[in-house]
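Working notes for the structure below.
The values are calculated or read from the model by the stated rules, or taken from the named source; none is laboratory data. Bear in mind the structure is a predicted one, so any value in this text is a computation, not a measurement. All Cβ positions, glycine included, derive from the backbone under ideal geometry; neighbour counts span all protein chains shown. Please note that ligands, DNA and RNA were not included when accessible areas were found on the heavy atoms of the full protein model with its side chains. Shrake-Rupley method; radii C 1.70, N 1.55, O 1.52, S 1.80 Å.
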Amino acid sequence: MTALRRYHAAVWDEPLVMELGRPGSRGVEVPPVEPELEAEIGDADALVAPSMRREEPPELPELSEPEVLRHYLHLSQETLGMMGVSLFGTCTMKYNPRVSEAVTKQFVSELHPHQSEETLQGILEIASRLEQALCELSGMDRFVFQPGGGADAAYLHACITRAYHGARGELAQRTEVITSIQAHPCNAATAAAAGFDVVTLPLEENGYPSLAALEAAVSERTASLVINNPDDMGIYNPDIARWVDLVHEAGGLCFYDHANFNGVMGKIRAAELGFDACMFMLHKTYGCNELLAPYLPGPIVSFDGDRYRLTEAEPPSVGRVREFLGNVPELVKAYAWVRAMGGEGIDRASDLSVLANNYMEKKLLELRGVSKSHPHLAQHRLEMTRYSLERLTQDTGVTAVDVQNRMVDFGVDAFWLSHEPWLVPEPFTPEAGEMWSKDDIDYWIAVLAQVVEEAYTEPETVKRAPHRQVVHQLDPTGLDDPDRWATTWRAYRRKKAAAESEPRTPA
């Protein structure tokens, strides 16, 4: 058996940084300007336009340098981050080596997006080479990195779908986007936000919608199919190529939500299945074929054989969806990962991801009260599987959220539950990917086994968890009260003062 280590999170009762310090404290004393320099440039205050000068000093905390370092050290000690064994589901969370973090900081912190492109050749080359790598992995013709998240990429596809059908004079006719109940909710939500009606296909006995259901949904009104495969239950739809053909025959587009790419990378390419566009979970990307490339947002990176260039979007492009190239620090880290792995490494990583997932499945299903979605399906799942604690909840009253709260008492990150709506009662969806060792996975499972045992023997311990974390259970009563929550220091001061002035009811 795997022995559980003793763990207790650091608890510092740390105030907000705005509440620390005292007037007059300084991290550094800035010396006065030398007389010779002042004589040459004049009064520095005069260089700032009167309309831009503050009437009052900013309300910033005044601290010494050790006080600042101590504050942020305390905060870092209260955070597990990726060091707590984080089997985070749905979009694969890659560990970024420290060298990649350091290189990214060195590169990006010294750049400004409005520099001349002649001085941005390094970062433009990285973006171009990463685009080439993603085109190779997907079979697509172009990629952009402007979407800020998975929902952004899905919305970009909805906008491109609208532009594409509008250019063909069919937008009034093409009003429907088809997806499945198990697709990520942003797929349906962004289609609706873009003005489309959403047709949602239910899962059937094999764990995915049937071909007959798709045939019934496809019509001359179909604008696009938006689907992920495999889904978050680890089940791959083997009819996916025929799905794409049916939608294309009806005149619609097909978008592959590649959130669960980890288990199939190096094995399948979206374009070879017939998809027109796809995204990868690099936070974030959008790729498409030549048919849709004219509608991509700019700026587009190109290479003329000598220099890298930035080309602004022109009609029929949907226009910019974000400033500059997108999340540039993530591009550097993703490029470093792709180059370090290489084609063989990426192919092997998908094998390890599937192997780890099925190893976890065997171990997890040995635990009392744990089951998996579609338990009648005997075939192996791909890179993740959705499990259920429904039986444990029925037996003990302990919910999946209670189990989450207790797991962090052992120094690991709690599991991710599921997208809403829950198709599986009391769900949890771990995803090992290729980065976690067998020892890490065994330890995570041992923690869950301990919590399951506690649920059956001392359920109140689990229900009252966490006990060894920075914060115990939060009082949720004020989370939806706009008179109490605050997202700025000014609002916090105002609302805290108002709350403290209210008369208290005797206990």
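Assigning unit charges at the beta carbon (Lys, Arg +1; Asp, Glu -1) and nothing else, what dipole magnitude in debye, to the nearest 20, does the chain show about its Cα centre?
Details: 46 positive and 76 negative charges, 184 e Å.
I would put it at about 880 debye.
Surface composition of the chain: carbon plus sulfur atoms contribute 54% of the solvent-accessible area (1.4 Å probe, protein chains only, all chains present).
Kindly report the accessible area of segment 110-246 per residue (heavy atoms of protein chains, probe 1.4 Å, no ligands, DNA or RNA), in Å².
Numbers: 5190 Å² over 137 residues.
Per residue, segment 110-246 has 38 Å² of solvent-accessible surface.
Listed by chain and number, the lysines placed with their C-alpha closer than 27 angstrom to that of LYS372 are LYS94, LYS267, LYS362, LYS363, LYS438, LYS463; residues fewer than eight positions away on the same chain are left out.
Ranking SER180, ILE235, TYR164 by Cα position along the charge dipole of segment 160-235, where only Lys, Arg, Asp and Glu carry charges on their C-beta atoms, puts TYR164 farthest toward the positive end. Using the Cβ-Cβ distance between GLU78 and ALA44 with R0 set to 51 Å, the FRET efficiency works out to roughly 0.80.
Kindly report the accessible area of segment 393-507 per residue (heavy atoms of protein chains, probe 1.4 Å, no ligands, DNA or RNA), in Å². Before the final figure, lay out each step's value.
Working: 6410 Å² over 115 residues.
It amounts to 56 Å² per residue over segment 393-507.
Calculated [222 nm] ellipticity per residue, helices only, for the chain: -11500 deg cm²/dmol; basis is -39500 (n - 2.57) per DSSP H run with n ≥ 4, divided by all residues, nearest 500. Placing +1 on the Cβ of every Lys and Arg and -1 on the Cβ of every Asp and Glu, with no other charges, gives segment 388-489 a dipole of roughly 140 debye about its Cα centre. Our note on the geometry: Cα centres of segment 1-27 and segment 197-276, 47 Å apart. Summary value for the chain: 19 percent relative contact order, contacts being C-alpha pairs under 8 angstrom separated by 6+ residues. Shape class of the chain from the Cα gyration tensor (axes a ≥ b ≥ c, square roots of the eigenvalues): oblate, since a/c reaches 1.5 or more and a/b does not exceed b/c. On a per residue basis, segment 253-379 carries 44 Å² of accessible surface, using protein heavy atoms and a 1.4 Å probe. Simple rule: put +1 on each Lys or Arg Cβ and -1 on each Asp or Glu Cβ in the chain, find the dipole, and look at ALA271, THR190, VAL401; the Cα lying farthest toward the positive end is VAL401. Here's the list of aspartates and glutamates a cross-link from LYS333 could span, going by alpha-carbon distance under 15 Å and ignoring same-chain residues fewer than 8 apart: GLU101, GLU125, GLU131. Placing unit charges on the Cβ atoms only, positive for Lys and Arg and negative for Asp and Glu, gives segment 130-244 a dipole magnitude near 380 debye about its Cα centre.
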